[in-house]
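K.L.:
I have a structure here, written as structure tokens, and I will follow up with some questions on it.
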Amino acid sequence: MTVTRKLLYAYRAVQCRMCRRYTTGILQPGKQVFIEPFRFEDNHGDVVHPCVRYIADGFEGHCWWMVYTPYFRSNAALENPILCYADNDDSEIPPTEWKVYCLVNEKPVDGYNSAPTLLYTKGQLYVYWRENIVQNKDKYDYWRATFVAKVGGGKVVKCSDKPILQTEDDEIDAETCPTFVHEKDGGYTAYAMHLQFHSKRVKQLRGGVKKLVNSLLLVTDMLGLYAQQKHFGIAIWKGSAPESPFTYMKTVKFRNCNRLYRPWHMDFFDYDGKRYAIVQTNMSNADLCLAESSDGEDFTFFKRPLITNKSIGKIGIYKPCAGVTPNGIFYLYYTAQDVDNRALNKLYLTETPFGELLSKIR
């Protein structure tokens, strides 16, 4: 480890203490999850953005479904969602071995894919994914958009070329990493992070001034002082059907969010009349935290994280997903990197009785 990195770690330790950010989580490190190789020569089995859903009655004979994207060496061209399924003798046991069902979407000609998610409703499984347009913007009405396809017969069929969610701004996005929920009243809610990726003022600078400012902001970001990337809260969208466009309603802020956190990605699940968000707290140097809501809008962070880099002996923690099985077992799938291999993201699973978890975290 270099002297600079040692100093950075020491600085962050002091900063965490001052801001009361816990450096250890309450969950045990997860066990590695294995997925059937698919285009392994390109993606090396890399996994990010997992979304796992348990279907008690099964869909096409399988109770566990997952979609993820590879991101080997941070190569967005590989970030094309892959749909998988898994089976256990006891269907309520979260699986650690998965088989590939099909590729969801190839790389778009004018951009790249990201952040897939699943929704099972009314006997049909849907897969959603985002397309990020980085060139030829004049051809489209959006910079980033979420699309949906139906799953069945060993393939997925795109429902429409019209987006379900979309943003027209190149730097501010209210549909980052969406999750779709079927509500009891029959309607549908989509939750997404509302983010700013870069400062428009900095983007308008030219030449050496822009390069200098970006370098300075990179340092202030690493020190947790100031960053171009901003988090505005949870964007809430409403829709009448899983295949039709949703309408943006509002953005709500997390409650009790540590000042060192800028939430980046998240997933949602319901249990015992409440809705929970499992949150990646920063784009990098992240913890995984749980937030709770009684009304599906006001989400309050529990102060203690579930997992931190220190508590699992890994780095590069990224977007998680979680849920609770009918027998009360909380399962958490997350990705992380080995300290000596930052190029490869691996998938892990940890689980615990949810009642015990809530007792500890409260």
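The values are calculated or read from the model by the stated rules, or taken from the named source; none is laboratory data. Note that this is a predicted model, so its numbers are computed, not measured. FYI the Cβ positions are ideal-geometry reconstructions off the backbone, even for glycines, and counts take in every protein chain you see. Each accessible area value is taken on the protein alone, full model and side chains, heavy atoms only, with ligands, DNA and RNA left out. Shrake-Rupley method; radii C 1.70, N 1.55, O 1.52, S 1.80 Å.
K.L.:
Mind listing the phi-derived Karplus ³J(HN,Hα) values for the stretch 284-290, rounded to whole Hz, using 6.51, -1.76 and 1.60 with θ = phi - 60°, and x for any glycine or proline?
P.N.:
9, 6, 8, 9, 10, 10, 10
K.L.:
Which percent, nearest 5, of DSSP beta bridges in the chain are antiparallel?
P.N.:
The answer is about 95 percent antiparallel.
K.L.:
Where the only charges are on Cβ atoms (+1 Lys, Arg; -1 Asp, Glu), what is the dipole of the chain about its Cα centre, to the nearest 20 debye?
P.N.:
With only Lys, Arg, Asp and Glu charged at Cβ, the dipole is about 1940 debye.
K.L.:
Grab the Cα-Cα distance for T247 and D87, subtract it from 0.36 nm times how many residues apart they are, and report the gain in nm with one decimal.
P.N.:
54.0 nm
K.L.:
Tell me, what is a quarter of the convex hull surface for the C-alpha atoms of the stretch 249-362, in nm² with one decimal?
P.N.:
Mean projected area of the Cα convex hull: 7.6 nm².
K.L.:
Okay, moving on. Can you give the log10 of the normalised intensity I(q)/I(0) at q = 0.15 Å⁻¹, computed with Debye over equal Cα scatterers of the stretch 99-239?
P.N.:
Evaluating at q = 0.15 Å⁻¹ gives log10 I(q)/I(0) of -0.86.
K.L.:
With a cut-off of 8 Å between alpha carbons and a minimum separation of six or more residues, what is the relative contact order of the chain in percent?
P.N.:
Once normalised by length, the contact order is 16 percent.
K.L.:
Take the Cβ-Cβ distance between K31 and V181 as r, set R0 to 30 Å, and report the resulting FRET efficiency rounded to the nearest 0.05.
P.N.:
E(calc), rounded to 0.05, equals 0.60.
K.L.:
How large is the accessible surface per residue of the chain, computed with a 1.4 Å probe and reported in Å² as a whole number?
P.N.:
Result: 47 Å² per residue.
K.L.:
Could I ask something else about it? Say the dipole of the chain comes from +1 at the beta carbon of Lys and Arg and -1 at that of Asp and Glu; which of G233, L103, G154 then lies farthest toward its positive end?
P.N.:
G233
K.L.:
Moving on to the next point. Over the chain, what portion of Cα pair distances is larger than 41 Å, expressed as a whole percent?
P.N.:
So the pairs more than 41 Å apart make up 8 percent of the total in the chain.
K.L.:
If packing is taken as the average number of other Cβ atoms within 10 Å across a peptide's residues, how do 69-79, 251-261 rank, most packed first?
P.N.:
Averaged packing, sorted descending, gives the order 69-79, 251-261.
K.L.:
How much length, in nm to one decimal, is gained on full extension between V100 and R73, taken as 0.36 nm per residue of separation minus their Cα-Cα distance?
P.N.:
7.5 nm
K.L.:
On to the next question. HN-Hα J couplings of the stretch 88-97 from phi, Karplus 6.51/-1.76/1.60, θ = phi - 60°, integer Hz, Gly and Pro as x?
P.N.:
For the stretch 88-97, the Karplus curve yields 10, 4, 9, 5, 8, 8, x, x, 10, 10 Hz.
K.L.:
Separate question: Taking amide H positions as placed 1.01 Å from N in the peptide plane, with prolines and chain starts having none, which residues 5 or more places from H198, or on another chain, fall under 5 Å of its amide H?
P.N.:
The list, which skips near neighbours in sequence, is empty: none.
K.L.:
Using alpha-carbon pairs under 8 Å, 6+ residues apart, how would you state the relative contact order of the stretch 63-179 in percent?
P.N.:
19
K.L.:
Still on this model: Could you work out [θ]222 nm for the chain from helices alone, using -39500 (n - 2.57) per DSSP H run of at least four and dividing by all its residues? Round to the nearest 500 deg cm²/dmol.
P.N.:
-4000 deg cm²/dmol
K.L.:
Dipole of the stretch 136-244, Cα-centred, from +1 at each Lys and Arg C-beta and -1 at each Asp and Glu C-beta, to the nearest 20 debye?
P.N.:
400
K.L.:
Moving on. Quick one: Cα centre-to-centre distance for the stretch 8-60 and the stretch 114-133, in angstrom?
P.N.:
20
K.L.:
A further question follows. State whether the stretch 191-333 is rounded, prolate or oblate according to the following rule on the C-alpha gyration tensor (a ≥ b ≥ c being the square roots of its eigenvalues): a/c under 1.5 gives rounded; otherwise a/b larger than b/c gives prolate, and the remaining case gives oblate.
P.N.:
oblate
K.L.:
Starting at the first residue of the stretch 168-179, write each ³J(HN,Hα) from the Karplus equation 6.51 cos²θ - 1.76 cosθ + 1.60 with θ = phi - 60°, in whole Hz, x for Gly and Pro.
P.N.:
So the J values, rounded to whole Hz, are 9, 9, 6, 10, 10, 9, 9, 9, 6, 6, x, 10.
K.L.:
Counting DSSP beta bridges with both partners in the stretch 217-362, what percentage is antiparallel, nearest 5?
P.N.:
95
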